[in-house]
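Asks: If you scroll down you'll find the structure; I have some questions about it.
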Amino acid sequence: MVSGLINENPTVYERKERRVRTDSTNSDEFSVEPIDQLEIFDILFFDFAFINSFFFLTEDSVEVDDLKSYVRVTFTPTVEHCSMATIIGLSVRVKLMRSLPPRYKIDIRVAPGSHATEAALNKQLNDKERVAAALENPNLVEMVDECLSPSFE
Amino acid sequence: MAALNNLTEHLEAFVDVTRSPTHHAESLKAIATSLEKGVLSINQLVVEMDMYLTTTDDVVRARGILLLAEMLDYLKSKPLDNAVVHSLVGFFTAKLAEWRSVRGALSGCLALIKRKGVAGVVTAVDAEAVAKSMAQSIQVQSLALYDRKLCFELLECLLEQYPEAMINLGDLMVYATCEAIDGEKDPPCLMIAFHVVELLARLFPSPSGPVASEASDLFEFISCYFPLHYTHTKGDEASIPREDLSRGLSLAISSTPFFEPYAIPLLLEKLSSSLPVAKVDSLKCLKDCAVNYGVSRMKKHYKYLWPALKDALYASTKTDLSFGLESLTSPGFGMGEIHREAVNLLQRLVKQDISFLGLVVEDIRVNMVFDTISRYSRYEEMLDTSKLEVLVVSQILSVSARSSVESCNIIFETFFSRLMNTLGIVEKTSTGDLVHNEISTVSTRLYHGGLHLCIELLTTSKDLIPSSEECTSTPESAQQSWCSIVSRFSASLIEAFTSAVQSSNDDCSADAYLGVKGLLAMGMFRGGSSPVSRSEFEKILTTLTSIITANSAKTVKWELALKALVCMGSFIDRYSESEKAMSYMAIVVENLVSLVRSSHCSLPHPMILEATSEVCSTRPTYVEKMVEGFEEAFCSSFSDFCVNGNFKSIENCSQLLECVTNKLLPRLTEIDGLEKSLVHFAISMWNQIESSVVFSYDFNGREFVEAAMKTMGEIVGVASVDSQNSIIQKAYNVISSSTLPAMESIPLTVAALEGLQRDLSTRDELILSLFASVIIGASPKASIPDVKSLVHLFLVSFLKGYIRAAQALGSMINKLGTGSGGTNISTDCSLEEACDIIFHESDSSKTICGSETFLGKICLGFCGSLDHQTRAITGLAWIGKGLLMRGDKRVNEIALVLMECLKSTNSSGNALHPSTMKHAADAFLTLMSDSEVCLNRKFHAVIRPLYKQRFFSITVPILESLIVNSQTPLSRTMLHVALAHVVSNVPVTVILDNTKKLLPVILEGLSVLSVDSVHKETLFSLLLVLSGTLTDIKGQQSVSDNAHRIIECLVKLTSYPHLMVVRETAIQCLATLLELPHGRIYPFRREVLQAVTKALDDPKRRVREEAIKCRQAWTSISSRSTPF
């Protein structure tokens, strides 16, 4: 049993200025605004304001293709053996599942080389059964919800 | 006796520490009230409290003393016996030594010391005793926060109110203060502590006094806070803002010259720090010190101060100089706080001691700029370092020059000729000619850096010219040597700036910017002692005007020149320079106005109009001139169009009218005399129309007619009643001379109307529209001639399809007098008579305005064509609006007619046309909504309060019953549209009062209206009404009762395809519904979640965002097993 904090002195990444949507004055009633990178980022950013200081998520780490209904989020945990990585990944997945249309396939990845058990983690996060099982666990769901509750700065 | 019984009770309550603070406060309040009312005297209280004040139980004693102290605080303004005060202060002074009851003792002393102006103040001797006791027996830093604050307050109070007594104590007070401050960390305490130091410094100004001898120690205790830094930035709202505390510290440091040997080195050291806060604070503090320490003490530090100040300026200046329009009247680069403070300090130092300027003048870095300035000609080419040098040096010099006339003279004497030499600008000889020698060719090369420096100096120096009344009193000609220097160069300077502007091309705005800014600086010297002569001033104006008139497109140069002219115009007006005003009038105003008049010049018409209106609004006389010019221009263009058919002229006319409406009318209150000129303008518009009898060319200039109507209406709207009368009279004369009166004689029968096949001529149409606008804008007090025939004319015209006539008729009906001593006596026709004409019945003579009238019959399709029917309905709506707003009962019958039109068949069984029903439904919008074009406050409508509410309560029940009995789907839809118009335009409070009744109808309306996309706007306004009821507490019960229907309706609307805002609002409403009791909404969660999940895939982003929030909220009430 490890006593004390695992990550006593985390690298707190400086947050980048958010890109502000400039084409918001779209007045055409019937034009379609596809779901894009920035929108996904906004979805995650809105709730992850707190967590966002502890893992690294930039706009570039979000890939999205609205036509193919596919989204991939790559995140970077703060330390290689971060035990929070699983719960963070799970939270990102739950948040996206709740916020995107059901047609989407969601792919969550840890940035290459950023975590000790990268392969296992990726597999775990994208295994439908295991995710469903995890969400059956009331304690885990509570934890995820806590992660997702809006933080007020 | 009862009072005394109660007293014991209250005393017990207060002394008992186990009771709650509210309890304590209550008992305090009770005792205080009885003391204030005189039921209880302070002596009695003390006697009663004897036991509490002397008991050996420390807690009880402390509470007792505190109670007495609090009481004294309550009685601050109540006269007390001197002996009582004396004995009380003695008591509290003694208790200061007892640490258990120190809070009470401190509060007591403070309350007593604070007494002033009322009977019973503490004597100086007693105050001295308090101070002594405090100094000797209290260790401030060992106390709690609140007690420490009391200590500082007590010290402050003693020093402020008993200065003599404190001087007697001498050293003791200084020691006590030092000891008290040492280690204090709380902002509110420090704030007082700093003030105490300031007071001490004021109390002991002598060099042999205790402050002088203890200066080093005292300074040490306060200097350790510099620069202030808060470690805990949040959480304590009552705390003092950093700026205030920092100001307090600065005042304490600068409070006495004895701190000088310690303070200045410290501040200079902190100034060199890399922390911005430290820099700003040091600069601020240095400025305070410079003011308070005096020149002789500061002088020692000049040689360190100047380099530090220079460095601060260099470090805080950014090199991106803006050549934009907005920086023409500002320095042109961003000023940080450090920069601003550094500039303030420099100005202060130079102002205070001219010898400081010696350092500036002799500075190598400053001097070097003048040698390197000619290395680059364009600003963009310069290296960042040289840009910085130029900007900083120009700042330093201009700030120093601004400080005083003397410093300005020195700066100009030292640098200006050198600068001119470098720029190749030559001096004027005594004969006034320019010396042309070989270097004059150099002057074509303009150095941006040099020009910038030069402009900064000129801009600064203009503020130093005394205003005209000052300069007559002081013979300053000898003083102002800078003036003569500038005047020697003025001609060549203006030439140089002019050539800079003229040589500039579009891709380089810097040349134009510097040129125009230079000219502006030269043109802004005021008064008789200006270094710029009148002819030179005129030359500047000519140059700028020629830039405006020569350009054919809106370039940066053009805008710069215009802004410069506007600046100069308002400058002339502000300082009432009559001579310059004459030049301005002759050169700028007349030139531009003549351009407006002449229809053919290279400059596009809108640009001339913009330039003229901007320039001329700087002074009333110019405005007059301009409106005159506009009048002429309008007349000539209009007649040019009428005679020659020049379509360009009519376009110019509409632009001119738009300019009047958009640029001049909004500034009516700012410009004196504008109203008169505009009324004149309106009358000459009528004159012109009157004289152009024949329109030889047919024109379909809708734009022109619209512009003319708008301008005419607004001018009448703002004019006084007398002016309105003259416009109306003029307009009436024009109308009478046209062919329009022929229409007045047409009898109101369908046959006659149909006989009138031909449309109005173009001219008549124009006259009619303009006349209608005049009537719309007229106030109720204005007199309208021959109302009866006018009513008839408008009536016929709107049946011919001129909606403006219907609006005019509505306005007229709204404003007419009621006949028997009504608001208006000057018109020959009362409301009754006018209504008689409008609602005249086809076969009998009694006047009602229901379906039996001629208009009513047309509306209901008993006679006339479909066109007549729809026009009659629209007209009736406007007339109804006029009546409704003034609170006339006749509107009810009009409403009945309109509702009759919404039924599928009329009373004789004929089916009504869909278009009729649509018009009738829209009539309700006309009736209820606030109109922009007529019948509003701007146009002096008579508005009875609550008229919308009244209409609502009359129509809604009828509409509801009609909906229930409606026979066809179309009629039902149209009835719902009408109801939606009524409901969505009434104030929301009315809806909330009737939620129970209205909710079912609104919900039905929403589902009926969502079928067809034509009703999308109506649907949206109705949805907004619904959302208003959801959030309010009043509507909550009925919302809860109807929850299932509301949710069903909203769920349907989340996929409404025609309007994004409808979907968005529906989803927001669904989220709001979560405030209802859990049991009411829980059954619908599956339904809602399904709908919202579908909305996650909405084509519009805003809808998706709302859907995410709403889904999240609804998920959280669902069971845990369905997390998504």
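The values are calculated or read from the model by the stated rules, or taken from the named source; none is laboratory data. Here the structure is a predicted model, which is why all the values come from computation and not from measurement. Glycine gets a Cβ as well: all are built from the backbone with ideal geometry, and neighbour counts include every protein chain shown. Heavy atoms of the whole protein, side chains included, go into the accessibility calculation; ligands, DNA and RNA do not. Shrake-Rupley method; radii C 1.70, N 1.55, O 1.52, S 1.80 Å.
Asks: Determine whether B:Tyr175 is in a helix (DSSP H, G or I) and either touching a strand residue (DSSP E or B) at 6+ places or on another chain (Cβ under 7 Å) or surrounded by fewer than 21 Cβ atoms within 10 Å (Cβ to Cβ) (or both).
Replies: yes
Asks: Now, a different point. Select from the stretch B:595-629 the residues that are within 17 Å of B:Thr711 (Cα to Cα) and more than 32 Å from the chain's Cα centre (by Cα) and list them in ascending order.
Replies: Result: B:Glu628, B:Gly629.
Asks: Of everything in the stretch A:127-153, what is charged (D, E, K, R), within 24 Å of B:Leu1089 (Cα to Cα) and away from chain B (no Cβ under 11 Å)? Give them in sequence order.
Replies: If the condition is that a residue be charged (D, E, K, R), within 24 Å of B:Leu1089 (Cα to Cα) and away from chain B (no Cβ under 11 Å), then A:Lys128, A:Glu129, A:Glu146 are the ones that fit.
Asks: Here is a further query. Filter the stretch B:1069-1098 down to the residues that are more than 14 Å from chain A (Cβ to nearest Cβ), open to solvent by 60 Å² or more (accessible area, probe 1.4 Å) and either touching a Ser or Thr at 6+ places or on another chain (Cβ under 9 Å) or closer than 21 Å to A:Pro101 by Cβ (or both) and list them by number.
Replies: Correct list: B:Glu1075, B:Pro1077, B:Arg1080, B:Tyr1082, B:Arg1086, B:Glu1087.
Asks: Moving on to the next point. Among the listed residues B:Ser296, B:Ser246, B:Ser273, B:Ser216, which satisfies the condition of being surrounded by 15 or more Cβ atoms within 10 Å (Cβ to Cβ) and of a type in the set (S, T, N, Q)?
Replies: B:Ser246
Asks: What do you reckon, is B:Glu900 within 30 Å of B:Met709 (Cα to Cα), modelled with pLDDT under 90 and open to solvent by 20 Å² or more (accessible area, probe 1.4 Å)?
Replies: No: the conditions fail for B:Glu900.
Asks: So for the stretch B:1048-1063 (the condition being among the hydroxyl-bearing types (Ser, Thr, Tyr), more than 9 Å from chain A (Cβ to nearest Cβ), part of a loop (DSSP other than H, G, I, E, B) and open to solvent by 20 Å² or more (accessible area, probe 1.4 Å)), does at least one residue qualify?
Replies: Yes - at least one qualifying residue is present in the stretch B:1048-1063.
Asks: Pick out, from the stretch B:341-403, the helices (runs of 4 or more DSSP H) lying fully within it that include 3 or more residues that are more than 43 Å from the chain's Cα centre (by Cα).
Replies: Where helices (runs of 4 or more DSSP H) fall fully within the stretch B:341-403 and carry at least 3 residues being more than 43 Å from the chain's Cα centre (by Cα), they are B:356-362, B:364-372.
Asks: Within the set of pairs 6 or more residues apart or between chains, which connect a residue that is within 11 Å of B:Cys829 (Cβ to Cβ) inside the stretch B:777-802 to a residue that is among the hydroxyl-bearing types (Ser, Thr, Tyr) and part of a helix (DSSP H, G or I) with Cβ atoms less than 6 Å apart?
Replies: Close Cβ pairs (under 6 Å, with a partner that is among the hydroxyl-bearing types (Ser, Thr, Tyr) and part of a helix (DSSP H, G or I)) amount to B:Pro785/B:Tyr732.
Asks: Within the stretch B:142-161, identify whether any single residue is surrounded by 16 or more Cβ atoms within 10 Å (Cβ to Cβ) and either in contact with a Phe, Trp or Tyr (Cβ under 6 Å, 6 or more places away or on another chain) or farther than 25 Å from B:Leu245 by Cβ (or both), and answer yes or no.
Replies: no
Asks: Within the stretch A:84-126, how many residues turn out to be away from every other protein chain (no Cβ under 14 Å) and part of a loop (DSSP other than H, G, I, E, B)?
Replies: Within the stretch A:84-126, residues that are away from every other protein chain (no Cβ under 14 Å) and part of a loop (DSSP other than H, G, I, E, B) number 8.
Asks: Can you tell me which residues in the stretch A:24-83 are part of a loop (DSSP other than H, G, I, E, B), within 14 Å of chain B (Cβ to nearest Cβ) and modelled with pLDDT under 80?
Replies: Listed by number, the residues that qualify are A:Ser24, A:Thr25, A:Asn26, A:Ser27, A:Asp28, A:Glu29, A:Phe48.
Asks: Quick one: A:Asn139 ticks every box in (1) in a loop (DSSP other than H, G, I, E, B); (2) open to solvent by 80 Å² or more (accessible area, probe 1.4 Å) except a single one, so which number is it?
Replies: (1)
Asks: Same structure again: So, in the stretch B:610-622, exactly how many residues are in a helix (DSSP H, G or I) and surrounded by fewer than 24 Cβ atoms within 10 Å (Cβ to Cβ)?
Replies: 5
Asks: Mind listing just one residue for me: the one in the stretch B:180-222 that is among the acidic types (Asp, Glu) and in contact with a helix residue (DSSP H, G or I) (Cβ under 7 Å, 6 or more places away or on another chain) and, of those, modelled with the highest pLDDT?
Replies: B:Glu198
Asks: Given B:Ile689, B:Ile776, which one is out of contact with any strand residue (DSSP E or B) (no Cβ under 7 Å at 6 or more places or on another chain), open to solvent by less than 40 Å² (accessible area, probe 1.4 Å) and at pLDDT 90 or above?
Replies: None of the other options fit; the residue is B:Ile776.
Asks: Going by what's in this entry, would B:Glu703 be described as at pLDDT 85 or above, in contact with a Ser or Thr (Cβ under 9 Å, 6 or more places away or on another chain) and open to solvent by 10 Å² or more (accessible area, probe 1.4 Å)?
Replies: Judged against the criteria, B:Glu703 is not a match.
Asks: Is one or more of the residues making up the stretch B:903-925 open to solvent by 60 Å² or more (accessible area, probe 1.4 Å), over 25 Å from B:Leu1022 (Cα atoms) and assigned to a helix (DSSP H, G or I)?
Replies: No: the stretch B:903-925 contains no residue that is open to solvent by 60 Å² or more (accessible area, probe 1.4 Å), over 25 Å from B:Leu1022 (Cα atoms) and assigned to a helix (DSSP H, G or I).
Asks: Among the candidates B:Ala252, B:Ala290, B:Ala263, B:Ala278, single out the residue that is farther than 12 Å from B:Phe219 by Cα, aliphatic (A, V, I, L, M) and touching a Phe, Trp or Tyr at 6+ places or on another chain (Cβ under 9 Å).
Replies: B:Ala278
Asks: Looking at the stretch B:658-740, what helices (runs of 4 or more DSSP H) fall wholly within it and have at least 2 residues that are in contact with a Lys or Arg (Cβ under 6 Å, 6 or more places away or on another chain)?
Replies: Helices (runs of 4 or more DSSP H) meeting the threshold: B:674-691.
Asks: Now for a separate question. How many residues are open to solvent by less than 20 Å² (accessible area, probe 1.4 Å) and over 17 Å from A:Met84 (Cα atoms) if we restrict to the stretch A:105-136?
Replies: Total satisfying the criteria: 2.
Asks: If you don't mind, there's one more thing I want to ask. Do we find a residue being touching a Leu at 6+ places or on another chain (Cβ under 7 Å) and outside any helix (DSSP H, G or I) anywhere in the stretch B:931-945?
Replies: yes
Asks: Taking the options B:Arg871, B:Arg886, B:Arg890, name whichever one is in contact with a His (Cβ under 9 Å, 6 or more places away or on another chain), open to solvent by 10 Å² or more (accessible area, probe 1.4 Å) and modelled with pLDDT of 80 or more.
Replies: B:Arg871
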